[in-house]
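Okay, structure first, notes after.
The values are calculated or read from the model by the stated rules, or taken from the named source; none is laboratory data. Source: prediction; values computed, not measured. Neighbour counts are summed over all protein chains in view; Cβ atoms, including those assigned to glycine, are modelled from backbone coordinates with ideal geometry. For the accessible areas, the whole protein counts, side chains as well, though only heavy atoms, and no ligand, DNA or RNA atoms are used. Shrake-Rupley method; radii C 1.70, N 1.55, O 1.52, S 1.80 Å.
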Amino acid sequence: MSTAASARDSHAPTTQRQDPKGGLAGVSNWIDERSGAAKGVRFLMKKVFPDHWSFMLGEVALYSFIILLITGTFLTFWFVPSMGHTTYNGSYVPLQGIQMSEAFASTLDISFDIRGGLLIRQLHHWAALLFVVSIMMHMFRVFFTGAFRKPREINWVIGTLLFMLAVIEGFMGYSLPDDLLSGTGIRAMQGFILSTPIVGTYISYGLFGGGFPGEMIIPRFYSLHILLIPAIMVALLAAHLILLVVHKHTQYPGPGRTDKNVVGFPLMPVYMAKAGGFFFIVFGITALISSLVGINAIWAYGPYEPTQVTAGSQPDWYMGFADGALRLLPGFLEFVALGHTWSMNIFPGSIALLPIFFGMIAIYPWIENWVTGDKREHHVLDRPRNAPTRTAIGMGFAVFYAVLMFAAGNDIMAIKLHMSINDITYLFRFLVIFGPIIAFWVTKRICLSLQRHDRDLVLHGRESGRIVRTPEGRFFEAHEELDEFTRWRLVGYEAQAPSNIDTSGLEGKELKKAKRRNRWTNFYFRDRIAPVTPAELEAAHHHGDHEELEAAVLEDAKSDQFVGELHGGSEETGQR
């Protein structure tokens with residue numbers, strides 16, 4: 001009897017979950033059953049992102065890259081990457097019957113004969129410029145706010161590689177039309193390669209397939225420009241975004257914001273809607289600029305001829321720093337030794353500059369980590385004024401870059417300003433050495449002054465402009481107390497102190513290491529302004545005299561919340 005019942009039960013229909021009949025829900029369910037993607041997508045859609053205008057800089061870079069991929073695909077349909085000779089018979093009358101390369105002729109055809117071709121060319125070029133500048137601005141934001149600290153060192157290196165690849169990709173891109181301006185740039189590049197000690201000649205012959213200009217450089221640049229480098233950049237961007245999700249997004253300091261949480265909006269629907277709208281804003285503005293402002297009018301330069309050079313030729317702005325460094329190097333650095341000519345008046349400012357430049361950027365997180373000894377994870381950003389030494393280093397680096405970039409136009413400045421090109425060159429040589437030092441000192445003083453102002457603002461409140469007269473006849477200005485949210489932003493930071501390692505009893509390498517660590521931490525943290533403590537704020541609110549405020553400071557000095565001494569209206573600690 002029980003056996004028969006069991007048999008009937010085994011053949012009875014089982015109750016199953018009813019799947020969606022069709023539509024988007026049905027397709028989503030079908031995909032989830034075969035990939036298990038629903039859990040990951042659900043997690044991603046609930047991912048919280050903070051809201052701040054500076055975070056849009058990274059989005060601008062991403063959207064510009066998407067525009068580059070779209071417009072670049074369009075251009076590949078008609079561009080011919082060949083240096084084979086042809087006679088132009090297209091629509092641009094001034095160049096009809098002129099001998100030129102097929103690359104230059106096809107670029108003219110895209111500009112004048114393909115419907116919308118000129119707009120797409122200019123959109124591609126402007127998007128490339130926007131891509132590079134947005135990466136640079138994004139990295140400045142990351143640097144000045146300390147967003148490169150643990151656990152984001154890898155993402156900082158990825159961003160540095162993307163910046164370097166964007167510069168190289170841009171150079172290859174504007175070299176492809178084979179016009180006189182871009183050909184002059186390739187000719188300069190070949191000279192830079194030849195300046196490489198010992199192996200420069202071999203590298204040049206291998207790249208150009210023989211002597212300059214050859215017939216191989218444009219096809220090889222084309223392969224690198226549309227295949228290899230974009231593939232690497234897409235992979236780096238994907239890794240960058242994955243690490244962004246894994247580490248969670250950084251956020252600016254404020255009430256309720258800690259290293260344990262993220263205060264913001266979920267990816268779906270709020271952030272996706274905002275990001276989608278912002279993409280079309282970036283696309284629309286780029287298209288508007290491309291429609292109204294012409295760029296890279298190759299027909300005005302003509303096809304490249306090795307015997308000709310474009311007067312007053314300048315590279316795109318992001319390559320200007322290398323050209324400027326080359327112009328500032330003195331000629332006496334070239335010498336002959338060991339049977340070889342060592343062109344140290346060219347090689348350091350051209351070939352060696354790029355790896356040194358981007359290498360120093362890439363390793364900075366580890367330099368600061370070694371100096372501070374900080375092994376903690378950081379998800380709350382610093383205000384630039386609260387890290388004065390780091391901010392000053394960044395501004396010094398920016399001034400160094402700017403001086404080199406403007407030095408690339410020393411000949412144009414001499415012509416337009418009716419000045420001696422030698423005098424202008426000497427001025428830039430002075431600025432490239434002392435400009436970053438001056439920028440460092442000025443920036444650090446400004447940051448410390450802003451910190452002192454924040455401290456006084458917290459202790460005494462905001463000036464109201466209202467004058468009060470007491471019954472005794474005294475006058476004073478009434479101050480308005482800050483609200484808690486504003487006050488939090490001004491006091492919610494950590495002021496690190498120099499390490500001051502005790503070197504007594506240390507010998508050899510350990511002694512040298514301790515002294516070196518003390519010197520660097522003093523360099524970073526000797527001048528600092530401590531945040532206002534609760535006891536100081538309480539004393540200030542009771543309108544106590546200076547002795548009461550000083551007593552509060554001394555009381556806090558006994559605790560872990562505060563270390564320092566009172567100096568007038570500001571709290572500054574450290575060695576002098």
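Could you sort the peptides 48-59, 367-378 by per-residue average Cβ neighbour count (10 Å cutoff), highest mean leading?
Values: 48-59: 16.5, 367-378: 13.6.
Peptide ranking by packing, descending: 48-59, 367-378.
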Considering only DSSP beta bridges whose two residues both sit in the chain, what percent are antiparallel, to the nearest 5? 95 percent
Ile154 to Val27: extension gain in nm, 0.36 nm per residue of separation minus the Cα-Cα distance? 42.0 nm
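Checking the table Lys375/Lys513; Lys248/Lys375; Lys248/Lys444; Lys150/Lys248; Lys375/Lys512; Lys444/Lys509 against a 24 Å threshold on Cα-Cα, which pairs fail?
In this structure, Lys248/Lys444; Lys444/Lys509 exceed 24 Å between Cα atoms.
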What number comes out for accessible area per residue over the chain if the probe is 1.4 Å? Units Å², please. 55 Å²
Give the average over all directions of the projected area of the C-alpha convex hull of the range 177-241, one decimal, in nm². 5.6 nm²
Compute and list, largest first, the equivalent-ellipsoid semi-axes of the range 365-415 from the alpha carbon gyration tensor, each √(5λ) rounded to a whole angstrom. 35, 11, 8
Convex hull projection area averaged over all views, the range 98-214, Cα basis, nm²: 10.4 nm²
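Test of understanding: what is the full-extension gain from Ala275 to Lys515, defined as 0.36 nm times their sequence separation minus their Cα-Cα distance?
Going from the current span to full extension adds 81.4 nm.
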Can you list, largest first and rounded to whole Å, the semi-axes you get for the range 315-457 by taking the square root of 5 times each eigenvalue of its Cα gyration tensor? 35, 22, 12
Two pseudo-spin positions, 7 Å from Cα along C-beta at Asp259 and at Ile70, lie apart in nanometres by 4.1 nm
Give the separation of the Cα centroids, the range 75-130 to the range 306-352, in Å. 30 Å
